[in-house]
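Notes follow once the structure below has been shown.
The values are calculated or read from the model by the stated rules, or taken from the named source; none is laboratory data. Just so it is clear, the model here is predicted, and its values are computed rather than measured. Note that we place each Cβ from the backbone using ideal geometry, even for glycine, and neighbour counts take in every protein chain shown. To get the accessible areas, we keep the full protein, side chains included, count just its heavy atoms, and leave off ligands, DNA and RNA. Shrake-Rupley method; radii C 1.70, N 1.55, O 1.52, S 1.80 Å.
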Amino acid sequence: MPELPEVETVRRGLEPLVVGRRVVDAWGHPSAKFAAARDAVGLGVEAVGRRGKYLLVDLDDGRQLVVHLGMTGQLRLRPGPEVDPYVRAWWALDDGAVLELRDVRRFGRVAVVPAGEWGALPTLAAQGPEPWDPALDDGGLWRNLRRSRAAVKTQLLSQRPIAGIGNIYADEALWRAGIHPARRTVTRAQAARLLTELRTVLEQGIANGGTTLRDYRTVDGGEGRNQLELGCYGRAGLPCLRCGTELRRIVLDARGTTLCPTCQPRR
Ligand SMILES: [Zn+2]
C-alpha cells in the first residue's frame, strides 16, 4: 500500500506536469468511489499538495480533487489514452496528456470537495499532524499516543497520532527505535526516539523514490528504490542487522509485523 513517501514521490512527479494545465475531459468508473472524477472538467490545476497518504490537487474554482491510491492505485501521466481495464478514472489535459488512475483492487478513492472541507472523507479529516509538524516535538507524539491504549503500531497505522505511516515504515521505525510494536504504552523518551526514526525512514523513503514491493509505481511508470534499503520489513527469518538475532514475524491486530526479539523487548 502506498504510504507517505510513495504518495509524496507521486506528488513531486505530477506537480511540474499538471500545474497550469486545464482539465478538458474526464471519466470515472460509475461507482461512488470514482465517479466524481468528472467534476474536475473545465477547471485549471493550481497546485498539487499532499496530506498523509492523500493527494490534494487544487482546482481554480476553490475546490480540491482528492485522490487516495488505496492498496494498488497508480497515477500515471500518459501521452494519450490507452486501453487498460484497470483504469478507474482519467483526466485529459489541455496539452494532450492524460492522467490515469489505475487501480487493480479498487480500494482507491476520488473526490472533489471544497478545499480543506474533508467531512465526506473521515479518514482524511481525522488525521494527525504531518510527521514534520513541530506540534509532534517536545512530547507531542507521546501525548498523542497516550490518547489510546491500542498497540503502538496499531495506533501509528490509524493515522491519528501522526499522518502517513503504513505497515512498512511503521515496522522500520519501531525496529530502529527499539520499541516492541505491541507495546500499549511508551515512555516520553521512547516516543521522542520513535519520532526521530519515523522522520528518518520517511525521508529516506522519499529520497529513494518510494518502496516498490508489487504495485507502486512513480508517475513515469518506474519503480522506487527504497525496498533495497529496508532493515526490518520483509526480513523475517534473517539476522537482525544490529544484533544478529533472527527477526520474527508476528500478526498484530491482523497486520503482519516483523520485529527483533532482542532489540525490541516486550517490556
Ligand atoms: Zn536486533
In Å², rounded to a whole number, the accessible area per residue of region 13-117 with probe 1.4 Å is 44
Phi-derived 3J(HN,Hα) across region 240-249 with the Karplus relation (6.51, -1.76, 1.60, θ = phi - 60°), rounded Hz, x for Gly and Pro, is 4, 6, 9, 10, x, 4, 5, 5, 10, 9
Dividing the surface of the Cα convex hull of region 113-249 by four yields a projected area in nm² of 9.8
Of Ile250, Ile206, Ile168, the most mobile residue in a GNM of the chain (C-alpha springs, cutoff 10 Å) is Ile250
Under a Gaussian network model of the chain whose springs join Cα atoms within less than 10 Å, the largest fluctuation of Gly119, Gly108, Gly140 belongs to Gly119
Whole-number value, in Å³ per residue, for the convex hull of the alpha carbons of region 26-129 is 94
Of all C-alpha pairs within region 167-210, those more than 18 angstrom apart amount in percent to 24
Restricting to Cα pairs under 8 Å and 6 or more apart, the percent relative contact order of the chain works out to 18
Over its alpha-carbon atoms, region 57-182 yields an Rg and a Dmax in Å of 18.0, 52
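Once Rh for region 173-263 is found with the Kirkwood sum over Cα pairs, what is the Stokes-Einstein diffusion coefficient at 37 °C and 0.692 mPa s, in µm²/s? Show your work: numbers first, answer last.
Details: Rh = 14.3 Å.
It diffuses with D of about 229 µm²/s by this estimate.
Based solely on its DSSP helices, what 222 nm [θ] is calculated for the chain when runs of n ≥ 4 H residues each add -39,500 (n - 2.57) and the sum is averaged over all residues, nearest 500 deg cm²/dmol? Could the numbers behind the result be given before it?
Working: 6 runs with 62 residues, N = 267.
Result for the chain: -7000 deg cm²/dmol, rounded to the nearest 500.
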Of all GluC sites (Glu not before Pro) in region 72-148, the ones in DSSP coil with at most 13 other Cβ atoms within 10 Å are Glu82, Glu117
Most fluctuating of Ser31, Ser158, Ser148 in the GNM of the chain (C-alpha, under 10 Å) is Ser31
Quarter of the surface of the C-alpha convex hull for the chain, i.e. direction-averaged projected area in nm², equals 13.9
To the nearest 10 degrees, the tilt of helix 188-207 (Cα long axis) against the first principal axis of the alpha carbons of the chain is 40
Of the accessible area of the chain, computed with a 1.4 Å probe and all protein chains kept, carbon and sulfur make up a percent value of 49
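So what's the projected area for region 223-267, the Cα convex hull averaged over all directions, in nm²? Don't skip to the answer; put the middle values down first.
Working: hull surface 15.6 nm².
Projected area, direction-averaged: 3.9 nm².
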Karplus ³J(HN,Hα) for region 17-30 (6.51 cos²θ - 1.76 cosθ + 1.60, θ = phi - 60°; Hz, whole; x = Gly/Pro) runs 8, 10, 5, x, 8, 10, 7, 9, 7, 7, 8, x, 3, x
